[in-house]
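Every read-out reported here was derived from the displayed coordinates using simple, explicitly stated rules and does not represent laboratory data. Every value quoted in this text rests on a predicted model; they were computed, and no experiment measured them. Cβ coordinates were reconstructed from backbone atoms using ideal geometry, including for glycine residues, and neighbour counts include every protein chain displayed.
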Amino acid sequence: MTRESYVAERDARADVFLSEKTGLSRSAVKKLSDEGRVAVNGKPIRAGQTVRAGVTVTVEVPDPVPISVKAEDIPLDIVYEDGDIAVVNKAQGMTVHAGAGNYEGTLVNALLFRLGDLSGINGEIRPGIVHRIDKDTSGLLVIAKNDAAHLSLSKQIAEKSCRREYLALLEGVIDGDEGHIATEIGRDPKDRLRMAVLPAGKGKRAETDWFTEKRFRNNTLVRFRLQTGRTHQIRVHAKYMGHPVVGDPVYGYKKQRFSLNGQLLHAHRLELTHPATGERMAFSAPLPDYFERVLNLLERSESTGG
């Protein structure tokens, strides 16, 4: 069993607070609180109770259950690995973990074959998964090989000391050189399969920094830095800017100029503090070939006046 304590910076519901701090889902926090594993200053509390700023919240995470997802021999680009963590460069088209109707061919299946031991905090379906990227987004993910590493990495993400940066090709030309987007994101009330920017109080806080890297005649290469990690956050915020990601089948233009299998969005840089050694580490992954080909096409088109 792993026990972690966190000091509340502001008033918040216990499940919301611990979900942000640990990376656990709110339903997982509720289950732990129902079992008496969530306490404030040593006194058990319910998941829906408010924790006040300044109090210490303790959560006990039981030892992981045996993992039932099967290991599969799937090619995997492992950028770094030691006894506590692994960093992988996920290919476009690979789902991170199993879900309804999709229990094979995922990153988790590949990880179980290549790495074996993974943290069990997120249960049988998502072992080792601290943060996710979309199926058709490529790039870097850090994997926890034990529960202590998982809790440390989740805390870094919550406290914004784990830096995650993406490169994206956007539609249109952006005027500014940098900016900050702060909205609330939640399920689109008109389409539950999509996410959307919602009015205040209707979604979850989502913050993204953006930096212009290169302008083309009809596109802009942009670097995004996540401050939070909501579902489809960069894709939704790009659309909110009026410049959706090129190739995005959900939030992008209906008519696309390039033949692509998904959005041109790549998690290219990851910085974190090693959970065991305390060493600050940085990793990068080059743009995939299909992304580079589009950039080269844009370069040649502009140089020839096409």
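Please list the equivalent ellipsoid semi-axes of the stretch 177-306, computed as the square roots of five times the alpha-carbon gyration tensor eigenvalues, in descending order and whole angstrom.
Values: eigenvalues 139, 105, 36 Å².
Each semi-axis is √(5λ); the values are 26, 23, 13 Å.
Using a Förster distance of 25 angstrom, determine the FRET efficiency expected from the C-beta separation of S25 and F211, and round it to 0.05. Spell out each step's value before the answer.
Numbers: r = 31 Å, r/R0 = 1.26.
With R0 = 25 Å, the Cβ-Cβ based efficiency is 0.20.
For the stretch 242-297 and the stretch 176-226, what is the separation of their Cα centres, given in Å?
If you average the Cα positions of each part, the centres end up 15 Å apart.
In square nanometres and to one decimal, what's the mean projected area of the convex hull around the Cα atoms of the stretch 246-285?
With the hull built on Cα positions only, its mean projection is 4.1 nm².
Can you show me the helix-derived [θ] at 222 nm for the chain, built from DSSP H runs with n ≥ 4 at -39,500 (n - 2.57) apiece and divided by the number of residues, rounded to the nearest 500. Let's see the in-between values first.
On the way: 6 runs with 63 residues, N = 306.
Value at 222 nm, helices only, nearest 500: -6000 deg cm²/dmol.
Quote to one decimal, in nm, the extra length available between H274 and E104 on full extension: 0.36 nm per residue of separation minus the C-alpha distance between them.
My answer for the length gained is 58.2 nm.
Could you work out how much longer the chain between R194 and D289 gets when fully extended? Use 0.36 nm per residue separation minus the Cα distance between them, nm to one decimal.
Numbers: separation 95, 0.36 × 95 = 34.20 nm, distance 2.80 nm.
Here the segment from R194 to D289 would lengthen by 31.4 nm.
By how many degrees, 0 to 90 and rounded to 10, does the Cα axis of helix 289-304 deviate from the longest principal axis of the chain?
30
Say each of E81 and Q227 gets a label point 7 Å from the Cα, pointing the same way as Cα to Cβ; how far apart are those two points in nm?
The modelled label-to-label distance comes out at 3.7 nm.
List the extent of the Cα atoms of the chain along each of their three principal axes, largest first, rounded to whole Å.
For the chain, the Cα spread along each principal axis is 70, 45, 39 Å.
Is there a pair in K30/K239; K43/K202; K190/K239; K190/K254 whose C-alpha atoms are over 28 Å apart, and which pairs would that be?
Values: K30/K239 34 Å; K43/K202 31 Å; K190/K239 16 Å; K190/K254 18 Å.
From K30/K239; K43/K202; K190/K239; K190/K254, over 28 Å: K30/K239; K43/K202.
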